[in-house]
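Input: a single structure, listed below in structure tokens.
The values are calculated or read from the model by the stated rules, or taken from the named source; none is laboratory data. Fair warning: this is a prediction, and the values are worked out from it, not measured in the lab. So basically every Cβ, Gly included, is an ideal-geometry build from the backbone, and we count neighbours across all protein chains shown.
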Amino acid sequence: MRDERAIRELCDRIRETGFALHAYLRNGHLEKVYENGLAHRLRNTGIKVEQQKPLQVRDEDGTILGDYFADLFVEDCLIVELKACKTIAVEHIAQVLGYLRAANQRDALLINFGAPKFEIKKLIL
């Protein structure tokens, strides 16, 4: 696990990269296009990115219940969930918090490329 400062710096780099991608592509593409674009641009800056990374969801006794596939798993410590919709809804936030809890992770970013204005939320469990 990384320290809080390193996580903040990583989030800043992802935010800047995502904003630049949104400025170039604008809204209107499928989520997968933004996933591929953000992964590509982050890798070009030397950041480790895994796409559709399976993260095990466990019950409280440790029993594996299944896998959640993170859109992006960055530097082995940050889940990035992408959306291409009108706006981030409370359901999206609840979804990501559930993923964090179930996958025993602490930090996530929720990014929406689907609106005319770039949206990003940092979530901590």
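Within region 1-28, how many residues are outside any helix (DSSP H, G or I), in contact (Cβ under 8 Å) with a residue 12 or more places away in the chain and either among the hydroxyl-bearing types (Ser, Thr, Tyr) or over 25 Å from Thr87 (Cβ atoms) (or both)?
The number of residues fulfilling the criteria is 2.
When you go through (1) closer than 22 Å to Asp107 by Cβ; (2) out of contact with any strand residue (DSSP E or B) (no Cβ under 9 Å at 6 or more places or on another chain); (3) free of Cβ contacts under 8 Å to residues at least 24 places away in the same chain one by one for Asp61, which number turns out not to apply?
So the condition that Asp61 fails would be (1).
Return the residue satisfying two criteria in turn: it lies in region 68-91 and is assigned to a strand (DSSP E or B) and either loosely packed, with under 13 Cβ neighbours inside 10 Å or among the aliphatic types (A, V, I, L, M) (or both), and of such residues it is nearest to the chain's Cα centre (by Cα). Spell out how you get there, then give the answer.
Here is the first cut: in region 68-91, the residues assigned to a strand (DSSP E or B) are 68-74, 78-83.
Now drop any that are not either loosely packed, with under 13 Cβ neighbours inside 10 Å or among the aliphatic types (A, V, I, L, M) (or both), which leaves 69-70, 72, 74, 78-80, 82.
Values: Phe69: 11, Ala70: 7, Leu72: 5, Val74: 8, Leu78: 7, Ile79: 4, Val80: 1, Leu82: 6 Å.
Per the criteria, the residue is Val80.
Within the set of pairs 6 or more residues apart or between chains, which connect a residue that is in contact (Cβ under 8 Å) with a residue 12 or more places away in the chain and of a type in the set (S, T, N, Q) inside region 109-125 to a residue that is part of a strand (DSSP E or B) and exposed (fewer than 14 other Cβ atoms within 10 Å of the Cβ) with Cβ atoms less than 7 Å apart?
Close Cβ pairs (under 7 Å, with a partner that is part of a strand (DSSP E or B) and exposed (fewer than 14 other Cβ atoms within 10 Å of the Cβ)) do not exist here.
Does region 103-110 include one or more residues that are out of contact with any helix residue (DSSP H, G or I) (no Cβ under 8 Å at 6 or more places or on another chain), at pLDDT below 95 and not aliphatic (A, V, I, L, M)?
Yes, region 103-110 has at least one match.
With touching a helix residue (DSSP H, G or I) at 6+ places or on another chain (Cβ under 8 Å) and of a type in the set (A, V, I, L, M) as the only criterion, which of Leu78, Leu100 stands out?
Result: Leu78 is the single residue among Leu78, Leu100 that is touching a helix residue (DSSP H, G or I) at 6+ places or on another chain (Cβ under 8 Å) and of a type in the set (A, V, I, L, M).
More than 15 Å from the chain's Cα centre (by Cα) and in a helix (DSSP H, G or I): which single residue out of Ala94, Ala102 fits that description?
Ala102
Could you go through region 29-37 and let me know if any residue there is more than 22 Å from Leu125 (Cβ to Cβ), surrounded by 15 or more Cβ atoms within 10 Å (Cβ to Cβ), touching a residue at least 40 places away in the same chain (Cβ under 8 Å) and among the hydroxyl-bearing types (Ser, Thr, Tyr).
yes
Kindly list, by first and then second residue, each pair from a residue in region 40-53 that is within 19 Å of Glu9 (Cα to Cα) to a residue that is aliphatic (A, V, I, L, M) and in a strand (DSSP E or B), limited to pairs with Cβ atoms under 6 Å and residues at least 6 apart or on different chains.
The qualifying pairs are Leu42/Val49; Arg43/Val49; Val49/Leu72; Val49/Val74.
Answer yes or no as to whether Leu21 is surrounded by 13 or more Cβ atoms within 10 Å (Cβ to Cβ) and under 22 Å from Leu125 (Cβ atoms).
no
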